[in-house]
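A.B. asks: Once you've had a glance at the structure underneath, I'll fire off some questions.
The values are calculated or read from the model by the stated rules, or taken from the named source; none is laboratory data. What you see is a predicted model, and the numbers here were worked out from it, not measured in a lab. Note that each Cβ is placed from the backbone with ideal geometry, even for glycine, and that neighbours are counted across all protein chains shown. Remember, those area values only see protein heavy atoms, side chains included, never the ligands or the DNA or RNA. Shrake-Rupley method; radii C 1.70, N 1.55, O 1.52, S 1.80 Å.
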Amino acid sequence: MNTDLETQKPRAALGLLSGGLDSILATRLLLDQGIRVECVNFHTGFCIQGHTGAMRNPEPGAKPARHDALHAAQLLGIKLHMIDIAEEYVKIVTNPKHGYGSNLNPCLDCKIFMVAKAWALKEQLGFDFIFTGEVLGQRPMSQRRDNLPHIEREAGVEGWLLRPLCALRLPPTEPEKRGWVDRQQLKGFSGRGRKDQMALAKQFGLRDYPSPAGGCCFLTDVNYSRKLQDLWHFRADRAYTIEDIVLLKAGRHLRPTPRFKVIVGRDETENNFLAGFRAGRWSMQAVELAGPLVLVEGHPDAEDLALACRLTARFGQGRHLAEVQVSIEGPGQQEMRLVTPLPAAEIPPEWYI
Amino acid sequence: MMADRVCPLVLSATDPQPDVVLDARRLLCPMPIMRAEATIREMPSGAVLAVWATDPGLAQDLPAWCASHGHQFLGIKEQGRERIGWVVKG
Ligand code: SF4
């Protein structure tokens, strides 16, 4: 066991655990060296975990929704610190110093921010160093060779961030130089392939880990990013609230005019989910006919609300009827309206965000 | 400590009697677990926390969180869109 000679306590490392295979393997490599490991997982508000499962009816045969990092921690037998950074994270998303990746993912700024946060927690818990499951060259932005040292420098942790999966391709870190970690037992993985990781997983007897295709956050998703861009554009402000970013994950979004957009529930579970956001907004639903709950976002005028009611009828079971009764509820008011469902031909594709 | 909310799912005499009921309905994963963590921090060891949620992930996540944090998972009960899970603080 790797111990602190003065206190005889095992060396302790704090890892960033996403719950994906790489972070699981990095943790296992250190645990196998007798290092005491705990991990941290940050909640940014954009994490994909289980959200869609909670909002929509699950696909038949789908795995039950779960939080990957929590399950990885259970699998590894370690403690996981779950920290909510959503509020502070706004400034990373709205104004990233290093710009965005292919969508609205500010990966480099995000990594720097999380590493700095993990370091602060490591100090608070009295651990010796921090580590991540990064693999050199695996991701275009945050895992490029020239960006890795940059992350540590900007986060103020130079020499103290160990990357067990690709350590052999990087200069030795302090924990290695001081003999706390045996460099020979670390790996030199690189590139986008997963072969080395799969082989190591097999060696460790690991089977139940999430597929890498799952993705780690909504900001890398092209459809989600388009909706966030639309929100910023029509508000003329890049700020957002947690409620805003949660609502971007649910329903069909259509913007008929710059003044408003509608969010249309796609099934009963999503309708129920959207119903929790009615306060302070206009909402509508067809009466006695199956169909969506529709939320209206923005500053609609009377004509806009009439159009939103027709859209509500359009997306429900009454779409082929001459008239549909729609219940409309807004701040302090409620009424019934008889409307003609909007024909499909009158919904231009550019309304869909 | 007394339950701060009455949860309609705690009906049967065989259900664990919670010291605190956390209303985490409508919160999405991982917020029910994060709220549970904040709540249990204020509770004495041995006290029972009931987490009342709509997020379906609770069934998987509550036992995993208990295992990771040294709490005892007592079980979970589902009714319609709601579920309640019980935890004894370790
Ligand atoms: S994908 Fe999302 S969470 Fe992951 S580094 Fe990029 S911005 Fe951060």
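A.B. asks: Can you name the residue in the stretch A:67-85 that is touching a strand residue (DSSP E or B) at 6+ places or on another chain (Cβ under 6 Å), within 16 Å of the ligand (Cβ to nearest atom) and open to solvent by less than 10 Å² (accessible area, probe 1.4 Å) and, of all such residues, is nearest to the other protein chains (Cβ to nearest Cβ)?
C.D. replies: Among them, the one singled out is A:ALA69.
A.B. asks: On to the next question. Please note which strands (runs of 3 or more DSSP E) are completely contained in the stretch B:10-79 and include at least 2 residues that are more than 8 Å from chain A (Cβ to nearest Cβ) and closer than 24 Å to A:LEU75 by Cβ.
C.D. replies: Output list reads B:48-53, B:72-79.
Quick grid of which residues meet (1) in contact with a strand residue (DSSP E or B) (Cβ under 6 Å, 6 or more places away or on another chain); (2) part of a helix (DSSP H, G or I); (3) basic (Lys, Arg); (4) on the phi > 0 side of the Ramachandran plot:
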| site | (1), (2), (3), (4) |
| --- | --- |
| A:ARG238 | no, no, yes, no |
| A:GLU243 | no, yes, no, no |
| A:ALA290 | no, no, no, no |
| A:GLU303 | no, yes, no, no |
| A:ALA308 | yes, yes, no, no |
| A:GLY318 | yes, yes, no, no |
| A:MET336 | yes, no, no, no |
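A.B. asks: Give the residue that is farthest from A:GLY101 (Cα to Cα), with candidates limited to residues of the stretch A:131-182 that are open to solvent by 60 Å² or more (accessible area, probe 1.4 Å) and not in a loop (DSSP other than H, G, I, E, B).
C.D. replies: The selected residue is A:LYS177.
A.B. asks: Taking into account only those residues within the stretch A:24-42 that are within 16 Å of the ligand (Cβ to nearest atom) and open to solvent by 10 Å² or more (accessible area, probe 1.4 Å), which is nearest to the chain's Cα centre (by Cα)?
C.D. replies: Per the criteria, the residue is A:PHE42.
A.B. asks: Quick one: is A:GLU297 away from the ligand (no atom under 16 Å from the Cβ), within 14 Å of another protein chain (Cβ to nearest Cβ) and crowded, with 18+ Cβ neighbours inside 10 Å?
C.D. replies: Taking the combined requirement at face value, the residue does not satisfy it.
A.B. asks: Also: Is it fair to say A:ARG255 is outside the structural domain of A:SER18 (by TED's automatic domain parsing), in contact (Cβ under 8 Å) with a residue 40 or more places away in the chain and either farther than 27 Å from A:PHE42 by Cβ or within 16 Å of the ligand (Cβ to nearest atom) (or both)?
C.D. replies: Yes: the conditions hold for A:ARG255.
A.B. asks: Further question on the same structure: Of the conditions (1) aromatic (Phe, Trp, Tyr); (2) within 14 Å of chain B (Cβ to nearest Cβ); (3) away from the ligand (no atom under 16 Å from the Cβ), A:PHE234 satisfies every one except a single condition; which number is it?
C.D. replies: (2)
A.B. asks: Select from the stretch A:91-122 the residues that are within 12 Å of the ligand (Cβ to nearest atom), open to solvent by 30 Å² or more (accessible area, probe 1.4 Å) and not in a helix (DSSP H, G or I) and list them in ascending order.
C.D. replies: Matches in the stretch A:91-122: A:HIS98, A:TYR100, A:SER102, A:ASN103.
A.B. asks: Could you list, in sequence order, all residues of the stretch B:35-70 that are closer than 15 Å to B:VAL20 by Cα and surrounded by fewer than 21 Cβ atoms within 10 Å (Cβ to Cβ)?
C.D. replies: Result: B:ARG35, B:GLU37, B:ALA38, B:THR39, B:ARG41, B:GLU42, B:MET43, B:PRO44, B:SER45, B:GLY46, B:ALA47, B:VAL48.
A.B. asks: For the list (1) within 30 Å of B:ASP55 (Cα to Cα); (2) free of Cβ contacts under 8 Å to residues at least 60 places away in the same chain, I need the number of the one condition that A:ARG266 fails.
C.D. replies: Result: A:ARG266 passes all but (2).
A.B. asks: Please give the number of the condition A:GLU88 fails out of (1) more than 30 Å from A:GLY34 (Cβ to Cβ); (2) assigned to a loop (DSSP other than H, G, I, E, B); (3) away from the ligand (no atom under 11 Å from the Cβ).
C.D. replies: (2)
A.B. asks: When you go through A:ALA279, A:ALA308 one by one, which is the residue that is buried (at least 22 other Cβ atoms within 10 Å of the Cβ) and more than 23 Å from the chain's Cα centre (by Cα)?
C.D. replies: When all the criteria are applied, what remains is A:ALA308.
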